[in-house]
Amino acid sequence: MTNTRVRKAVIPAAGLGTRFLPATKAMPKEMLPIVDIPTLQYIVEEAAASGIEEILIITNSNKRSMEDHFDRNYELEERLKSSGKHDLEEMIRKISDMANIYYVRQKEPKGLGHAIWCARTFVGEEPFAVLLGDDLVVNEGGEPALKQLIGAYCEKKASVVGVQSVPHEDVGKYGIVEPLDKNYGDSRRIKLSGIVEKPLIEQSPSDLAVLGRYVLTPEIFKFLETQGAGKNGEIQLTDAILRLMDIQTVYAYKFEGIRYDVGDKFGFVKATIDFALQRDELRGELSGYIKKLAEEL
Ligand code: G1P
């Protein structure tokens, strides 16, 4: 590894978004807005706020609007300027200044591990971050989730997966880590002895689930290259991380923050309500409406 600073991030965004059809028939699910900001923009903002300078988005053929969103739109900027809407003009321009964003197409939907493997040339010999667009994390007043993981990486110079405890009955939805020492107590950074993708409840090594944030060393690509299909017939990043443990220590980091699963309809609605309640211009009216609804339910 020639560089040990985490400057690059990979955001896989090549899923079909079938859970959000028909909205995702002609629009990538990553462009669905929570209030008025596309979910992908929240992810890019978190990366930029964590010190990431270069971002590679793994796309498929239906991702044109993502490229347009993070590009300049001179015509719109001009129109906003000439109508005196300077705040909006600045807001629109800032989106294209957040980071250098590149795109590569994943030609076949072969799973998360394969999507990350498509980033090997972009990443080169550096540690890098992975952020999954279905997981939004809000840590009001504290460090963004990815920044917390980068902090842990810097201390150990080892791969780190971001985790939080999930209800035991939900372990089958996630990658689940196996702590080396079961008595890890209150420590946030936990050395791992294993990791498994979507285990059966009775076989789950813990309730600590990987929630869409990773910092990985570039050695992961050696394993991704030869990784066969795993759970659900897909090439799983989790399986390659398990093999990485044969040659390097891997840690889990219990990050601080509230995580929303916006890949799930209910999670998406919850995020929409919570994010709207954080907005000065919406809070009063919305909380009045929610109270009224609650009385009628
Ligand atoms: C993916 C990963 C899984 C991780 C999850 C987090 O699964 O494969 O390990 O826990 O994201 O949201 P997916 O939800 O894409 O099936």
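The values are calculated or read from the model by the stated rules, or taken from the named source; none is laboratory data. As the structure is a computational prediction, the values presented were derived from the model and not from experiment. Positions of Cβ are backbone-derived with ideal geometry, glycine not excepted, and every protein chain shown enters the neighbour counts.
Taking every residue in the stretch 14-28 that is within 16 Å of V262 (Cβ to Cβ) and pairing it with any residue that is among the basic types (K, R) and assigned to a helix (DSSP H, G or I), at least 6 positions away or on another chain, the pairs with Cβ-Cβ distances below 6 Å are G17/K29; F20/K29. Just one of the listed residues (I201, I176) is over 16 Å from the mean Cα position of the chain (by Cα), under 19 Å from G230 (Cα atoms) and within 11 Å of the ligand (Cβ to nearest atom), namely I176.
Do we find that K8 is charged (D, E, K, R), in contact (Cβ under 8 Å) with a residue 40 or more places away in the chain, more than 16 Å from the ligand (Cβ to nearest atom) and closer than 19 Å to G111 by Cα in this structure?
On the way: charged (D, E, K, R): yes; in contact (Cβ under 8 Å) with a residue 40 or more places away in the chain: yes; more than 16 Å from the ligand (Cβ to nearest atom): yes; closer than 19 Å to G111 by Cα: no.
So K8 fails the test.
If you go through the stretch 252-281 and keep only what is within 12 Å of the ligand (Cβ to nearest atom) and acidic (D, E), you end up with D261, D264.
Just for the stretch 111-157: of the residues that are within 16 Å of the ligand (Cβ to nearest atom) and in a strand (DSSP E or B), which one is farthest from R259 (Cα to Cα)? Quick ask: steps written out before the conclusion?
Pass one, the stretch 111-157, residues within 16 Å of the ligand (Cβ to nearest atom): 111-119, 129-138, 145-146, 149.
Right, trim to in a strand (DSSP E or B) and you get 129-131, 135-138.
Details: A129: 18, V130: 16, L131: 13, D135: 6, L136: 6, V137: 4, V138: 6 Å.
Among those residues, the one meeting the criterion is A129.
The set of residues in the stretch 181-198 being outside any strand (DSSP E or B), more than 13 Å from the ligand (Cβ to nearest atom) and surrounded by 15 or more Cβ atoms within 10 Å (Cβ to Cβ) consists of Y184, R188.
Here A145, A115, A48 are screened, and the one residue that is free of Cβ contacts under 8 Å to residues at least 60 places away in the same chain, among the small types (G, A, S) and closer than 22 Å to L32 by Cα is A48.
Note on the stretch 158-173: residues that are aliphatic (A, V, I, L, M), within 11 Å of the ligand (Cβ to nearest atom) and not in a strand (DSSP E or B) amount to 2. Checking each residue in the stretch 213-228 for being part of a loop (DSSP other than H, G, I, E, B) and either on the phi > 0 side of the Ramachandran plot or within 13 Å of the ligand (Cβ to nearest atom) (or both) picks out only Q227. A single member of K198, K182 is more than 26 Å from P127 (Cα to Cα) and either of a type in the set (D, E, K, R) or in contact with a Lys or Arg (Cβ under 7 Å, 6 or more places away or on another chain) (or both), and it is K182. Restricting to the stretch 52-110, name every residue that is out of contact with any Phe, Trp or Tyr (no Cβ under 7 Å at 6 or more places or on another chain), of a type in the set (D, E, K, R) and in a helix (DSSP H, G or I). Hits for the stretch 52-110 are R64, D68, E75, E77, E78, R79, K81, D87, E89, E90, R93, K94. If you go through the stretch 259-281 and pick out every residue that is surrounded by 19 or more Cβ atoms within 10 Å (Cβ to Cβ) and in a loop (DSSP other than H, G, I, E, B), you end up with 2.
Quick check: anything in the stretch 149-164 hydroxyl-bearing (S, T, Y) and either surrounded by fewer than 18 Cβ atoms within 10 Å (Cβ to Cβ) or farther than 16 Å from E46 by Cβ (or both)? So that I can check it myself, show each step before the final result.
Step one: of the stretch 149-164, the residues hydroxyl-bearing (S, T, Y) are 153, 159.
Filter once more, so that each one left must be either surrounded by fewer than 18 Cβ atoms within 10 Å (Cβ to Cβ) or farther than 16 Å from E46 by Cβ (or both): 159.
Within the stretch 149-164 (the criterion being hydroxyl-bearing (S, T, Y) and either surrounded by fewer than 18 Cβ atoms within 10 Å (Cβ to Cβ) or farther than 16 Å from E46 by Cβ (or both)), the answer is yes, since at least one residue qualifies.
Take the conditions at pLDDT 95 or above, surrounded by fewer than 16 Cβ atoms within 10 Å (Cβ to Cβ), in a loop (DSSP other than H, G, I, E, B) and of a type in the set (V, I, T) and apply them to I247. Does it pass? Against the criterion (at pLDDT 95 or above, surrounded by fewer than 16 Cβ atoms within 10 Å (Cβ to Cβ), in a loop (DSSP other than H, G, I, E, B) and of a type in the set (V, I, T)), I247 qualifies.
Among the residues of the stretch 57-91, write down those that are free of Cβ contacts under 8 Å to residues at least 40 places away in the same chain, of a type in the set (A, V, I, L, M) and buried (at least 16 other Cβ atoms within 10 Å of the Cβ).
Kept after step one, since they are free of Cβ contacts under 8 Å to residues at least 40 places away in the same chain, are these residues of the stretch 57-91: 62, 64-65, 67-91.
Cutting the leftovers down to of a type in the set (A, V, I, L, M) gives us 76, 80, 88, 91.
Within the stretch 57-91, L80 is the sole residue that qualifies.
Conditions (1) in contact with a Gly (Cβ under 7 Å, 6 or more places away or on another chain); (2) not hydrophobic (A, V, I, L, M, F, W, C), marked per residue:
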{"residue": "R213", "(1), (2)": "yes, yes"}
{"residue": "Q227", "(1), (2)": "yes, yes"}
{"residue": "G233", "(1), (2)": "no, yes"}
{"residue": "T238", "(1), (2)": "yes, yes"}
{"residue": "Y251", "(1), (2)": "no, yes"}
{"residue": "F255", "(1), (2)": "yes, no"}
{"residue": "D261", "(1), (2)": "yes, yes"}
{"residue": "I273", "(1), (2)": "no, no"}
{"residue": "L282", "(1), (2)": "no, no"}
